[in-house]
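The values are calculated or read from the model by the stated rules, or taken from the named source; none is laboratory data. What you see is a predicted model; the values in this text were computed from it and never measured. Because the Cβ atoms are built from the backbone with ideal geometry, glycine has one as well, and the counts that use them run over all protein chains shown. Side chains included, ligands, DNA and RNA excluded: accessible areas come from the protein's heavy atoms. Shrake-Rupley method; radii C 1.70, N 1.55, O 1.52, S 1.80 Å.
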Amino acid sequence: MAYLGNSARTREVLSKYGMSAKKKFGQNFLIDSNVLDGIVSAAGVSADDCVLEIGPGIGSLTQYLAEAAGAVVAVEIDRGLIPVLADTLSEYKNVTVINEDVLKVDIAEIVNKYNHGKPIKVVANLPYYITTPIIMKLFESGAPIESITVMVQKEVADRMVMGPGNKDYGSLSLAVGFYAKAEPVMDVPPSSFIPQPGVGSAVVRLTRYSKPAVEVSDEKYMFEIIRTAFNQRRKTLSNALSNNPALKVSRDQVQGALEDMGLNGMARGETLSLEQFALLSDILQRSNAMIN
């Protein structure tokens, strides 16, 4: 089998099928074998694992995963790539390709069907434009996922791993931190892809917690607070949260809750940790219950 993890072989396959990367699907094909090896190694893939790959493209990463894993289920949205994958993956009997939009498939059903409901590992070179929805779909699917190792835009990778007080810290940092431990793996230059993206990339490993990192009485309410705080990050929390009718809180309520927590009543969202957002959420809900 001729591996696809290089420029010549990738161009050969693209030429054979008269195709090029489709911008609407955010396609950039990996041509760096060192990066491909690094992704599989970081994911800790072994013969005991069933791996869910999202967006296999022409199968570059899929080949490496198939060599290491017991089984690979690859979900590809682009119908035009299905015959290409049938060709490039023809020697791998442990690979199943599903022509679907990963945002519409039932992840738990895939796990049940292909891994008997046991935890899987997710590995992917994700399209930049849709990274966050895919990550959140995986976390919120209810499927048993052991880890998620993904290539994403460098800026997004930074947001996943940053803590309070950093300019890259935001709602994605908190959402990821609620579900998993985020660890940076490697930076990847544009030259590792065909076509070359206009920005750098990075690989991040998200190791799923057995239970959420913090206890909170209402997760949806807490994440509504978090989204509101960072959608208006220039505003104080008391101003931002009181402007969202869905939260049903006044400026004085928010200031009072922050002061009860030992924080400045004029604090902004970027200064609060996940634990503090959880506590703020619970205090505001109790405050609302007393008022109503």
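A few notes on this one:
- Residues satisfying the stated conditions in the range 186-198, i.e. open to solvent by 60 Å² or more (accessible area, probe 1.4 Å) and modelled with pLDDT of 90 or more: ASP187, PRO189, SER191
Here is a yes/no grid of residues against (1) touching a Lys or Arg at 6+ places or on another chain (Cβ under 6 Å); (2) of a type in the set (Gly, Ala, Ser); (3) closer than 21 Å to GLY163 by Cα; (4) surrounded by 15 or more Cβ atoms within 10 Å (Cβ to Cβ):
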{"site": "SER217", "(1), (2), (3), (4)": "no, yes, no, no"}
{"site": "ILE226", "(1), (2), (3), (4)": "no, no, yes, yes"}
{"site": "ALA229", "(1), (2), (3), (4)": "no, yes, yes, yes"}
{"site": "LEU247", "(1), (2), (3), (4)": "no, no, no, yes"}
{"site": "ARG251", "(1), (2), (3), (4)": "no, no, no, yes"}
{"site": "MET266", "(1), (2), (3), (4)": "no, no, yes, no"}
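- VAL13 passes every criterion in (1) open to solvent by less than 10 Å² (accessible area, probe 1.4 Å); (2) at pLDDT 95 or above apart from (2).
- For the range 120-165, a tally of residues being in contact (Cβ under 8 Å) with a residue 60 or more places away in the chain and either open to solvent by 10 Å² or more (accessible area, probe 1.4 Å) or in contact with a Ser or Thr (Cβ under 6 Å, 6 or more places away or on another chain) (or both) returns 14.
- Among the residues making up the range 115-141, those that are within 23 Å of ASP48 (Cβ to Cβ) and assigned to a loop (DSSP other than H, G, I, E, B) are HIS116, GLY117, LYS118, PRO119, SER141.
- Selection of the range 36-60 for residues being aliphatic (A, V, I, L, M) and within 19 Å of VAL105 (Cβ to Cβ) yields VAL51, LEU52, ILE54.
- Residue in the range 269-278 that is among the charged types (D, E, K, R) and modelled with pLDDT of 95 or more present: yes
- Condition check for ASN99: without any contact (Cβ under 8 Å) to a residue 12 or more places away in the chain and out of contact with any Phe, Trp or Tyr (no Cβ under 7 Å at 6 or more places or on another chain): no
- Check on ASP32, touching a Gly at 6+ places or on another chain (Cβ under 7 Å) and under 16 Å from VAL150 (Cα atoms): yes
- Looking across the range 253-264 at every residue that is under 22 Å from LYS220 (Cβ atoms) and free of Cβ contacts under 8 Å to residues at least 24 places away in the same chain, the one that is least open to solvent (accessible area, probe 1.4 Å) is identified as LEU258.
- Condition met for ARG208 (open to solvent by 20 Å² or more (accessible area, probe 1.4 Å) and in contact (Cβ under 8 Å) with a residue 40 or more places away in the chain): yes
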